[in-house]
Amino acid sequence: MTHVLEVEDLHHTYLPGSPFEAVSLRGVNMRVEEGEIVAIIGPTGSGKSTLIQHFNGLIRPQKGKVLVLGQDLSDHSLDVKWLRRQVGLIFQTPEQQLFEQYVGDDIAFGPRNFGLGRPEVRQRVKKAMETVGLGFEEFKDRMTFSLSGGEMRKVAIAGVLALEPTILIFDEPTCGLDPATASEFLSKIRELRDQEERTVILVSHDMESVAKLADRIYVIVQGRTVLEGTPRQIFSQSGLLRSYGLDAPQVTQVMHGLRHRGREVRVDLLSVSEAEKEIGRRFDLRQRQAETVA
Amino acid sequence: MTEYSAFSHLTIGQYLPYSSVVHRLDPRAKLVMFTLLVAAVTFANSYTASVVLLAVLLGVVHLSRTPLRYALQGLRPALPWIAVFALLQLLFYRNPYGPDACSTIWSWGFIDITSCSIRQIGLMILRLLEFMILISLLTLTTRTTELTHGLERLLSPLKRLRFPAHELALVFAISLRFAPTLAGELERIMKAQASRGADFGEQGRLGFIKRTRNLLPLLVPLFLSALRRAEDLTLAMEARGYTGGRGRTSFIQLKVLPSDYLALALVFIFCAIILLGGLESIDQQVFTAVSDCASNVFGFVRR
């Protein structure tokens, strides 16, 4: 497997040398392999947003290294347009960046900026819309600002997907969505990786969705990478997470609670069905139920 | 890259939390002094007066411990416009006071560069500098709440004439409060559109046309979010029982100290000297001295 993204000892300070100076990153290290879904979690103000803005060149490394597809982003001769085609960054509440009157035009904004021809643009818009679950014929001529919040977010995401980037970065993709739409979004993100082999980087506060989606997790606290591992490895350390102001998914917390009360259960479980099996195995629930009935 | 961050660092309206004599002055006194100095800058019509004003303002900047960089930061985006105005004045100001008032330095066709146009440009640049420093000084050293209260108090005698002093102060406070917020919003939108391949930094032969067209993806979301914010703000204010200025008391009680009177008196005297002190005559003397000297040198060279 090759690394599509490497971050080495990255530092960043906002407004250096001013009274508003704020250190955001103090040494971040991470590596992302091709086709992985990697989640970045951390408390508010830990530098996650600053970090991901490095990945498509919105912020250049002040100190340390960022390599995207082998290209060093400190290199000022690097073609930023190339970089932005490779790395699609989807900001938090992206529906607020929409501006065109018609859905189709808004999604075509990106591909047009990169100078693609009309048929190519049309084909990409169509594909992107279908990926996010908006019918091309049905939605392309709809008024952008008459759509619902969830539909607008789909349009905004399609706008980035239409660039067909190899690395996709989502900043809080499910923030502010209702549970059904949120889980629909998460399965779309998984499909993007599974069917189109995109590499996905996910920033989220929602531990349930991280547990469901991510192959690996980086925990960032106060601008430093403090933990790295699979969701099972990370979430089994719930005490440590809590000390960072984070938490494991609720199911995992239940298992930790059981263990804390002296029950010998596994704590590295991430889903309700896994927990159900484990609890059933340990307590032999059916027998107990029978006893209470009798 | 700094090109996007520049927008959220507008210095107008950003209070710098230092502690200095200038910071501690009463906001009402500061507003009055500000008005006096603006008048002085506007009507100062000689090099001497302008240079003295600039020197004094720089002195106050030093006194307020504000880095000069901050006081002048707002100037940078204005530079191209200053250049355009300077050029227009250089070419077309010509000689509005009759042929005796100015001497022609260079003329070609309808273009007439006179000593008056040079003077006009020099004064304009000095004036802009001074305005920039003045505005920055006021907003960098005074909290917006103080400023609003000061303004409201200063205007309150006019309330009897049904002048909406409170509302005006509120509008002022809200616009100052939201300038950095909107700038931050703009930065966010710029970054989002740049991620979709929009290019805002590009300069080409038709760069400015492209730039104007590129504004649409920024302005539409920015206006939408500004409207949304306005609506939220209205609701939030009503939810907290805001019904207008009538009968409202204030947590901040302003108190004028002897130092405020002293500063006011100093500024008043200074402005009087600038405006009425006949500083033009010094200009005249310096000019004659310089032109004498120049003609001597030229004469010498020609010989």
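Looking at the range A:169-274, which GluC sites (Glu not before Pro) are DSSP coil and have at most 11 other C-beta atoms within 10 Å of their C-beta? It would help to have the intermediate numbers written out before the result.
On the way: sites: A:Glu184, A:Glu191, A:Glu196, A:Glu197, A:Glu208, A:Glu228, A:Glu264, A:Glu274; in loops: A:Glu197, A:Glu264.
Counting only loop positions with at most 11 other Cβ atoms within 10 Å, the GluC sites (Glu not before Pro) in the range A:169-274 are A:Glu197, A:Glu264.
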Query raised in the report: Which value in nm describes the separation of the simple spin-label points at B:Asn296 and A:Val226, placed 7 Å from the Cα toward the beta carbon?
Result: 7.6
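Report, in debye and to the nearest 20, how large the dipole of the protein assembly as shown comes out about its Cα centre when Lys and Arg carry +1 and Asp and Glu carry -1 on their Cβ. Don't skip to the end; give the middle numbers.
Values: 67 positive and 60 negative charges, 241 e Å.
Its charge dipole is roughly 1160 debye.
What number results when the radius of gyration of the range A:74-227, computed over Cα atoms, is divided by 2.2 N^0.38 Å?
Normalised Rg, Cα atoms only: 1.06.
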**Report entry** Dimensionless Rg ratio for the protein assembly as shown, taking C-alpha atoms and the 2.2 N^0.38 Å reference
**Finding:** 1.27
Report task. Give the residues of the range B:34-48 whose amide nitrogen is closer than 15 Å to a point set 7 Å from the Cα of B:Phe163 in the direction of its Cβ. Result -> B:35-36
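Considering only DSSP beta bridges whose two residues both sit in the range A:79-213, what percent are antiparallel, to the nearest 5?
On the way: 1 of 10 bridges.
Approximately 10 percent, going by the DSSP bridge assignments.
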Requested in this report: Give me the percent of DSSP beta bridges within the protein assembly as shown that run antiparallel, rounded to the nearest 5.
Outcome: 60
Query raised in the report: What residues qualify as long-range amide H neighbours of A:Ile37, i.e. H under 5 Å apart, gap of 5 or more or another chain, H built at 1.01 Å from N?
Result: A:Val200, A:Asp215, A:Arg216
Query - Normalised contact order of chain B, rounded percent, pairs of Cα under 8 Å and 6 or more residues apart - result: 31
Query raised in the report: Which whole-number percent gives the relative contact order of the range A:3-231, counting Cα pairs below 8 Å spaced six or more residues apart?
Result: 29
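Checking a compactness column here: for chain B, what do you get for Rg(Cα) / (2.2 N^0.38 Å), N being the number of residues?
Working: Rg = 24.1 Å, N = 303, 2.2 N^0.38 = 19.3 Å.
My calculation over the Cα atoms of chain B gives 1.25.
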Requested in this report: Compute the convex hull volume of the Cα atoms of the range B:241-303, divide it by the residue count, and report the result per residue in Å³ as a whole number.
Outcome: 209
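How high is the FRET efficiency from A:Arg259 to B:Ala55, r the C-beta distance, R0 56 Å, rounded to 0.05?
Working: r = 74 Å, r/R0 = 1.32.
Computed FRET efficiency for A:Arg259 and B:Ala55 comes out at 0.15.
To the nearest µm²/s, what D does Stokes-Einstein give for chain A at 20 °C and 1.002 mPa s, using the Kirkwood radius over alpha carbon pairs as Rh?
103
Taking all pairs of distinct Cα atoms, average 1/r, flip it, and tell me the Kirkwood hydrodynamic radius of the range B:50-155 in Å to one decimal place.
Working: mean 1/r = 0.0618 Å⁻¹.
Result for the range B:50-155 stands at 16.2 Å.
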Query - Estimated distance in nm for a label pair at B:Arg213 and B:Trp108, the labels positioned 7 Å out from Cα along Cα-to-Cβ - result: 3.5
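Regarding the range A:1-158, what is the average projected area of its C-alpha convex hull, in nm²? Mind dumping the intermediate values first?
Working: hull surface 45.9 nm².
Computing the convex hull of the Cα atoms and averaging its projections yields 11.5 nm².
Can you pull the mean other chain C-beta count within 10 Å for peptide B:184-194? Show your work: numbers first, answer last.
On the way: counts 0, 1, 0, 1, 6, 4, 2, 7, 13, 6, 7.
Mean number of neighbouring Cβ atoms from other chains: 4.
With +1 on each Lys and Arg Cβ and -1 on each Asp and Glu Cβ, and nothing else charged, work out how big the dipole of chain A is about its Cα centre, in Debye to the nearest 20.
Details: 37 positive and 41 negative charges, 98 e Å.
Once rounded to the nearest 20, the dipole reads 460 debye.
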**Report entry** Helix B:27-43 axis, angle to chain B major axis (alpha carbon atoms, nearest 10°)
**Finding:** 30
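Is the range A:42-113 best put as rounded, prolate or oblate by its Cα gyration tensor, with a ≥ b ≥ c the root eigenvalues, rounded for a/c under 1.5, and otherwise prolate when a/b is larger than b/c, oblate when not?
Values: a/c = 3.21, a/b = 1.40, b/c = 2.30.
Because a/c hits 1.5 or more and a/b fails to exceed b/c, the range A:42-113 counts as oblate.
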Query - Positive-end residue, the protein assembly as shown charge dipole about Cα centroid, Cβ charges, pick of B:Thr48, A:Ile169, B:Leu224 - result: B:Thr48
Report summary line: Per-residue ellipticity at 222 nm attributable to helices in the protein assembly as shown (runs of n ≥ 4 DSSP H, -39500 (n - 2.57) apiece, nearest 500 deg cm²/dmol) works out to -17500 deg cm²/dmol
Report task. Just the isolated ones, please: cysteines in the protein assembly as shown lacking another cysteine beta carbon under 4.7 angstrom. Result -> A:Cys175, B:Cys271, B:Cys293
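Just so you know, all these numbers are worked out from the coordinates, no wet-lab data involved. Computed from a predicted model, the values in this text were never measured in an experiment. We place every Cβ from the backbone using ideal geometry, glycine too, and count neighbours over all the protein chains shown.
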